[in-house]
Every structure is written in structure tokens, then in C-alpha cells.
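Some notes on the structure that comes next.
Only the coordinates and a few stated rules stand behind these numbers; no lab work does. Just so it is clear, the model here is predicted, and its values are computed rather than measured. We place every Cβ from the backbone using ideal geometry, glycine too, and count neighbours over all the protein chains shown.
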Amino acid sequence: MLLSIKTKLKLTSAEKQLMSKHAGIARFTYNWGLATWQNLYQDGLKPNKYILKKFFNNHVKPELSWIKEKGICQKITQYAFDHLGNAFDRFFKGLGAYPNFKKKFQHDSFTIDASGKPIPVGGVRTKLPTIGWIRTFEGLPNVTTSKITISRIADDWYLSFAYEQPEQIIIKQRCAAEPRRYEVVGVDLGVKTLATLSTGVVFENPQHYYQEAAKLKRLQKQLSRKEKGSNRRFKARMKVAKQHNRIANLRSNTLHHVTTYLSKNHAKVVIEDLNVLGMMALHKLASSIADCGFHKFRRQLEYKCRKFGSELTIISRWYPSSKTCSSCGNIQDMPLKERTYNCCSCGISIDRDLNASLNISRMANP
């Protein structure tokens, strides 16, 4: 099973400067390739990443001495062309937009490898090809990987890589784990409560964006008052970026706690195939829905269920879980403002979200 890790690096000022140089070279190579691609296409030619990579290595790179500076890994230019080619492949398949030119401090990243050799990773110190030893805040598992990506968020640098974990180890971990507390659980996602389970467990919505919005607004106002191009404006930009990153990390932490609980303690997990894009069209609730992270919730649940040996069932978005009585099966209209389901057929009165989660759990074996 292929697993991935992303962790924050513990760098000195000199190491941060070295990472910035690598990211700058990767950005320059990507932008050069995109500009050349556009020029060749306008001339009636059909460019690809292999032609651009060969021309860059033979004619452009030898003239740029700053790319061959000591301590710079030369693999970053090769991966820049690979990323450009992947971006165009996604565009031609209709999976993404047309590639844009990269800007400084926006999604800065670069990828390196050891010329086909495995890179050992483990503990709080990792030796990168050409760059040398770097430290992390948390210990990493003792594994090997083929390539490593380093990216910048705000003023912090992160290391990420993928590694293969043998199926035998995963099976042993599943056998050593505690037995499942519940066989089947239905999960109703919402805005008022993040997740309501058919077992009666409720995960409240912490509303991280709403809680941090006042500070974010204050920082953005300070940024707007700074003179463009000044050092103070750059520092203000970093403060805004760090606040955005803090909100994203808080949201991600909450989702990880909920999805790990679901996949570890339940043999079968049932959720709805939500139309998040359609839900975002409701402007009054758009920011609240975006703050819940429904898409990330489903993505985490998919790979964690595979990892912990649980079964994930996704039912149709058209199933009327909120309108159906969990006791008698009667279907009636349920406006969004009504938080209690009062059945007009059997007379049961139950929480709206709990009623929906009970109906969803029964779709595990329709």
C-alpha cells in the first residue's frame, strides 16, 4: 500500500535561503518551459516536455552559471519539465485548467531524487541528495523513497514523500488493533454539526474560519495599508499567509480526528455522495460549507478505510435521508430550518441529523 507523509522542516536561516534558491530555479525552469511551449505552438509546432528538456539542458542551462551553484541539486530542472508536461496532460484530458506562470511565494516547491537510488528516511534528521542533512520537528518512519518534494507555505518549509508499506505489515497492524466497536455506522454530514453518527455520537462543527476570521480581517487590513514593494508589506503578507495556514491546519486536524475514529472503530462506514459544488451555490451558507471540508473528509475516509481494513459505502446523493422517517419509512418535506423530525405518520420525534444518519446506515446492504 502506498502511503505519504508531509511534515514541517526545522531549518536555519541559511537552510531557508538554500531552499528558496532551489524553488526559484524550479520556478524559472517551469516558466521558461511554458513560455517556450507557447511560442512553439504559435509557430505551428507540437512541443512536448522531452524536446524542451533536451534543448534546455544542451543550450540554455550551460549559459546560466547560477543554476550550477554549489549545493544546488540539478534534478530540480528535470522535475520542473515533468510537472509542466503533467499540467498539459491534465489540460488536454479536460481534468484541469490551462497552465499558468508561477509567481514567487505562491506554491513554491521543488522535487529532487538520488539519480534512481532509494533515499533513506527516518528519525528527525534526513540527508537529502546534494543539499545535505536537514532536521524535522517530528520523527519519521525508517523507510526509503524514490523522490522527495519540498514546498513552502507562508515562511515555513515542508517535506513530503511517498513510500510503499508491505501488505503484510498492514495486515499485522489490523490484527493487533482492537476489535471493531460497531459493525455499521451511518454518517450524516452537515453545517450545524460536522458529523452525526447513527450510533448517537455527534461531532460538533468547530467553525475554525469563523473563530479566526476577526484576526484574519485585522491582518488583511494592515496589509492593505502597507506600501507596495516595501519590506513591511512583505512581512504583513507573511502574517496573512500564516493565519490562512493556521486555519487550514486546524480544519485538517479536526477532519483527521473524525475520519480516524470512524475507520478504526467501525467495520462498515456509510456516507452520502454530496454535491458540494451545488451546495456552495447557496451563498448564505457557502463559507460555512467550505469551512467544513466535505471533499477532504471523503478523501481521508477513503484511504483510511483501506488502511484500517474497513469497508466504505457511498450512497446516491438523491436518497432522501433527511425526509424519510427512520421508524416507519414515511417521506415528508423537511425545510432546512426544522432541526427536529416530527413524523406525521407514526408520531415519532427525533433529531433531524440523527434520523438521517440512521437511514444512511441501513443502506450498507440495500
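With the simple spin-label model, which puts each label point 7 Å out from Cα in the Cβ direction, the Asn57 to Asp351 separation comes to 6.0 nm.
Mean residue ellipticity, 222 nm, helices only, the chain: the sum of -39500 (n - 2.57) across DSSP H runs of n ≥ 4, divided by residue count and rounded to 500, is -14000 deg cm²/dmol.
Loop-located chymotrypsin sites (Phe, Trp or Tyr not before Pro) in the stretch 270-333 (DSSP state other than H, G, I, E, B) with a sparse environment of at most 14 neighbouring Cβ atoms within 10 Å: Trp318.
Scanning the chain for GluC sites (Glu not before Pro) in DSSP loops with at most 16 other Cβ atoms within 10 Å, what's the longest stretch left with none? In the chain, the maximal stretch lacking such sites is 70-226.
Beta bridges assigned by DSSP with both partners in the chain are antiparallel in approximately 80 percent of cases. Scan around Glu311 for amide H atoms under 5 Å from its own, H built in the peptide plane at 1.01 Å from N, and keep only partners 5 or more places away or cross-chain. Amide H neighbours of Glu311: Lys268, Val269. Dipole check for the chain: with +1 at the C-beta of Lys and Arg, -1 at the C-beta of Asp and Glu, and the Cα centre as origin, the magnitude is about 1720 Debye. Volume of the convex hull of the stretch 2-164 (Cα atoms only), normalised per residue: 126 Å³.
One way to sum up the overall shape of the stretch 100-170 is the equivalent ellipsoid from its Cα gyration tensor, whose semi-axes run 24, 14, 13 Å, largest first. Here is the tail figure for the chain: Cα pairs spaced more than 35 Å apart come to 42 percent of all pairs.
The alpha carbon centroids of the stretch 262-307 and the stretch 11-46 are separated by 35 Å.
The trypsin sites (Lys or Arg not before Pro) found in the stretch 297-338 that occupy coil by DSSP, while having at most 13 further C-beta atoms within 10 Å, are Arg317, Lys337.
Backbone amide hydrogens, once placed in the peptide plane, bring Asp351 within less than 5 Å of Tyr341, excluding anything fewer than 5 places away on its chain.
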